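Peer 1: Here you go, one structure.
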Amino acid sequence: VYMVPLYSTLVSLKWHNTYQGIILPSLLTGFSVFMMRQFMQSVPNDYLDAARVDGFSEFDIYFRVAIPLIKPAIATVAALHFIGSWNEFLWPLIIINKPRLMTLPLGLQFLLSKYGAEYQGLPLWNLIMSASLITMLPTVLIFIVMQKYVIQGITMTGLKG
């Protein structure tokens, strides 16, 4: 239901076999909108009212008061989207035909032949396992760096302060 219209739209925009076609469809999801909305509702109105009394414009309130208060939610959404996009298999398989644009999960799949993990009778499992480790490292590093914000963002979502 979701993939066919999206694919048709991206082909009409001539974004198949491009980085835009891989990246842009995953940027805005229902989960991120819901999480950011819930987190924005937890920002106390007293802070916003105090900024208005101090003479801040709505633009200043947003960028100087609200954004610093919702950094955990922004970090959580960014980390979860990065991890999800990095590990995506189906969408790049549909939208990409050029080998130079293939993502790492697609490259891992192409290491496997129709006969299994061997090339000219030689086993390739050591290459597949090392490539899997290399594929996994960026997501683990992102999570370790943003772990404090991710945990704080998930626990604070939906709480009214």
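The values are calculated or read from the model by the stated rules, or taken from the named source; none is laboratory data. Values in this document were obtained by computation on a predicted structure and should not be read as measured data. Don't worry about glycine lacking a Cβ; one is built from the backbone with ideal geometry, like all the others, and counts go over all protein chains shown. All accessible areas refer to the heavy atoms of the entire protein, side chains included, with ligands and DNA or RNA removed. Shrake-Rupley method; radii C 1.70, N 1.55, O 1.52, S 1.80 Å.
Peer 1: Hey, got the dipole for segment 1-103? About the Cα centre, +1 on K and R Cβ, -1 on D and E Cβ, debye to the nearest 20?
Peer 2: 540
Peer 1: A follow-up question, please. Residue farthest toward the positive end of the dipole of the chain, with Cβ of Lys/Arg at +1 and Asp/Glu at -1: which of L112, N45, M3?
Peer 2: Farthest towards the positive pole: L112.
Peer 1: Quick check: from the Cα gyration tensor, does the chain come out rounded (a/c under 1.5), prolate or oblate?
Peer 2: Prolate shape, in that a/c is at least 1.5 and a/b is the bigger ratio.
Peer 1: Over segment 1-90, what is the relative contact order in whole percent, taking alpha-carbon pairs under 8 Å and six or more residues apart?
Peer 2: With pairs under 8 Å counted, the relative contact order is 31 percent.
Peer 1: Sticking with this one: Taking only protein heavy atoms into account and a 1.4 Å probe, give the accessible area per residue of segment 1-97 in Å².
Peer 2: 63
Peer 1: Only helices at least 30 Å long along their own axis, judged from Cα atoms, and with Kyte-Doolittle mean hydropathy of -0.5 or greater: name those in the chain from DSSP H.
Peer 2: TM-like helix candidates: 125-156.
Peer 1: Report the full-extension gain for the segment E88 to Q147: residue separation times 0.36 nm, less the Cα-Cα distance, to one decimal in nm.
Peer 2: That pair, E88 and Q147, stretches by 19.1 nm at full extension.
Peer 1: Something else about it: Taking all protein chains in place and a 1.4 Å probe, what share, in percent, of the accessible surface of the chain do carbon and sulfur account for?
Peer 2: 69
Peer 1: Rounded to the nearest 0.05, what FRET efficiency is calculated for M40 and K14 with R0 set to 41 Å and r the Cβ-Cβ distance?
Peer 2: Working from the Cβ atoms, E equals 0.70.
Peer 1: Relative contact order of the chain, please, whole-number percent, based on alpha carbon pairs below 8 angstrom and at least 6 residues apart.
Peer 2: Dividing the mean separation by the residue count of the chain yields 35 percent.
Peer 1: Now, a different point. Taking 0.36 nm per residue of separation and subtracting the Cα-Cα distance, what length does fully extending L124 through F31 add?
Peer 2: Result: 29.7 nm gained on full extension.
Peer 1: Show me, for segment 63-70, the HN-Hα J-couplings you get by feeding each phi into the Karplus relation (A = 6.51, B = -1.76, C = 1.60, θ = phi - 60°), rounded to Hz, glycine and proline as x.
Peer 2: 7, 9, 10, 6, 4, x, 6, 9
Peer 1: Not counting ligands, DNA or RNA, and with a 1.4 Å probe, what is Y149's accessible surface area in Å² rounded to the nearest 10?
Peer 2: Only protein atoms counted, so the area is about 90 Å².
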